[in-house]
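The values are calculated or read from the model by the stated rules, or taken from the named source; none is laboratory data. Not measured: the values here are computed from a predicted model. Don't worry about glycine lacking a Cβ; one is built from the backbone with ideal geometry, like all the others, and counts go over all protein chains shown. Each accessible area value is taken on the protein alone, full model and side chains, heavy atoms only, with ligands, DNA and RNA left out. Shrake-Rupley method; radii C 1.70, N 1.55, O 1.52, S 1.80 Å.
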Amino acid sequence: MSLSGGMILAGAASRLLPVSVPFRFFVAAVYFHCFVWLVFGFAAAGATDFIGGLGAPLAALHVATLGVFSITAMGATLQLLPVATRAPITALWRAKLVFILAFVGVHLLVAGMATGIMALLLSGAVLAAAALLIFAIITAINLWAAPQANVAMAYAWSALSALILLLAAGLLVAFDFQFAFLADHSSVAAIHFVLGIFGFFGLLAFGFSTVLLPMFTLSPSVAPKMARAVLAIAVIAILAAIAGLLVHDDRLIVMALLAGMIAAILHIVEIERVLRRRMRRKLDLAFVLIRVAHGALVAGLLIGLLLMLGVPVPGKWTMFGWVVIGGWLLTFLFGILQRIMPFLASMHAGKSRGRSPLLSEIGRERPLRIHAVCHFAALILIGLGIVTGIAPLLQLGAAAGFLGSLAFGWFAATVVSYLVPRNEEPALKAG
Ligand code: HEM
């Protein structure tokens, strides 16, 4: 069974967590978004050909993957999962503990990655991994308690399995820097990459799309058969990539990239099919980012395929990483976040004030336009810097990205300010 936009909306209001729970994650992600561009600015000199190893580029990568992606994914999942599973999340202290462990853990881990100080790296790795593990347990309990299964939940289970494996691989490579016990460190690091970017985030992004995009546009639901087929092909692609990296068989990696492209294209075609039948005709800036992100995913997989077939792609695997992590995941995430935050704020405001304000009343459009322009400028400038090896182009890109992150911070502040109780409404304090 899959859920149409209307069905999801009907269930959402009755399963709202106290507003501070998801919003602490969203606000932290907005802060890490500013922080990542600052670190990237400092890392620029070593980032033009980065493919792993300790240092500022790796730190910047984990401010993005842990600070921005993971923290947003945790906040969104904790609030949206009960809507999809129709089972409430209880014991909110666990969600609050996850937040504290993640926030502190990420700072320690990236400080350790940037400086090479093992005590920082390993303590941060353990705290960040503990946060994601407790999050995985909360989510698994909620999925298990669901009265009825649906396709979004199949994506969630698969993403959770990838999360557990990515944490194991991440802890292995982290502790290997101290104790040097891994026979093949770079393969474990590459497997960690695949499980993180395509496994946990890729499957979560696809799964969320089947719930959120119909909800945002009041579209009919995605075809469950197609969504399940996409999931199956994507999981086969991820397993083939891991096997190929483990046994050093390039044919398996080529097959994985091909299967990944098929899954991505089928997913995008299905999403576009339901969007064509939407009731809310106007598609705003969020969908420009989401569609650019979809294009970057296919382009990234194509770059990977060409590189595996020996075609000289400018910027090589660094370009592959940038197109997939910056072009797809970062762009997609801010497309979704700029819709989730006002959507949740309107739900809470509706609950406390007896009427749901229009989304256009919450959150300003201009900062979002500034963010989009700066974000795309950052993507292009950094791409050019990777191709040419000219570090100042990366610094210019990081400056554009930082400006965009401040604009997004401005937008987030206008949304959060809408939640601040006004004199005539003391009720909100409870949240
Ligand atoms: C507790 C959590 C995590 C820990 C302890 C961790 C640790 C590490 C370490 C030590 C490396 C360096 C490997 C090397 O280059 O030699 C690394 C690389 C990497 N990590 Fe993580 N990581 C964590 C979470 C994540 C997450 C959630 C993602 C993303 C989705 C991620 C994505 C990456 C990527 C893309 C690389 C580069 C891999 C490569 O060099 O091929 N990490 N991680």
*Projected onto the charge dipole of the range 274-400 (+1 at Lys/Arg Cβ, -1 at Asp/Glu Cβ, origin at the Cα centre), which of ALA377, ALA398, LEU275 gives the Cα projection farthest towards the positive end?*
LEU275
*asked:* Please list, in order along the range 92-104, the HN-Hα scalar couplings obtained from phi with the Karplus expression 6.51 cos²θ - 1.76 cosθ + 1.60 (θ = phi - 60°), rounded to whole Hz, x for Gly and Pro.
replied: 4, 4, 5, 5, 5, 5, 4, 4, 5, 4, 5, 4, 6
*Once the piece of chain linking ALA243 and THR388 is laid out straight, how much longer is it, given 0.36 nm per residue of separation minus the C-alpha distance between them?*
48.9 nm
*Any idea what diffusion coefficient the range 117-197 gets from Stokes-Einstein, in µm²/s, Kirkwood Rh on alpha carbon pairs, 10 °C, 1.306 mPa s?*
114 µm²/s
_Relative intensity, log₁₀ I(q)/I(0), of the chain from a Debye sum that treats every alpha carbon as a point, q = 0.06, 0.08 Å⁻¹_ = -0.23, -0.41
*Any idea what the dipole of the chain comes to, in debye rounded to 20, about its Cα centre with Lys/Arg Cβ at +1 and Asp/Glu Cβ at -1?*
1600 debye
*Carbon + sulfur, % of accessible area of the range 5-428 - ligands and nucleic acids excluded, 1.4 Å*: 73 percent
*Please list, or write none, the aspartates and glutamates whose alpha carbon is within less than 15 Å of the alpha carbon of LYS316, excluding same-chain residues fewer than 8 places away.*
ASP49
*Where in the range 58-96 is the amide nitrogen less than 11 Å from a point lying 7 Å along the Cα-to-Cβ axis of ALA145?*
82, 86-92
*asked:* Keeping every protein chain present and rolling a 1.4 Å probe, give me the accessible area per residue for the range 198-315 in Å².
replied: 42 Å²
*Find the accessible area per residue for the range 91-195; the probe is 1.4 Å, ligands and nucleic acids are left out, and the unit is Å².*
43 Å²
*Go through TYR155, PRO342, MET118 and say which Cα lies farthest out towards the positive end of the charge dipole of the chain; charges sit on Cβ, +1 for Lys and Arg, -1 for Asp and Glu.*
PRO342
*Whole-Hz Karplus ³J(HN,Hα) for the range 197-211, in order, using 6.51 cos²θ - 1.76 cosθ + 1.60 and θ = phi - 60°, x for Gly and Pro?*
6, 8, x, 5, 6, x, 6, 5, 5, 5, x, 4, 4, 5, 9
*With Cα atoms, 0 to 90° folded angle of helix 20-47 axis to the chain main axis*: 30 degrees
*Using the Karplus curve 6.51 cos²θ - 1.76 cosθ + 1.60 with θ = phi - 60°, work out ³J(HN,Hα) for each residue of the range 334-343 in order, rounded to whole Hz, and write x for Gly and Pro.*
7, x, 6, 4, 6, 9, 5, 4, x, 4
*Please report, to one decimal in angstroms, the Kirkwood hydrodynamic radius of the range 74-231 built from all distinct Cα-Cα pairs.*
16.8 Å
*Computed magnitude of the charge dipole of the range 235-315 (debye, nearest 20; Cβ of K, R +1, Cβ of D, E -1)*: 720 debye
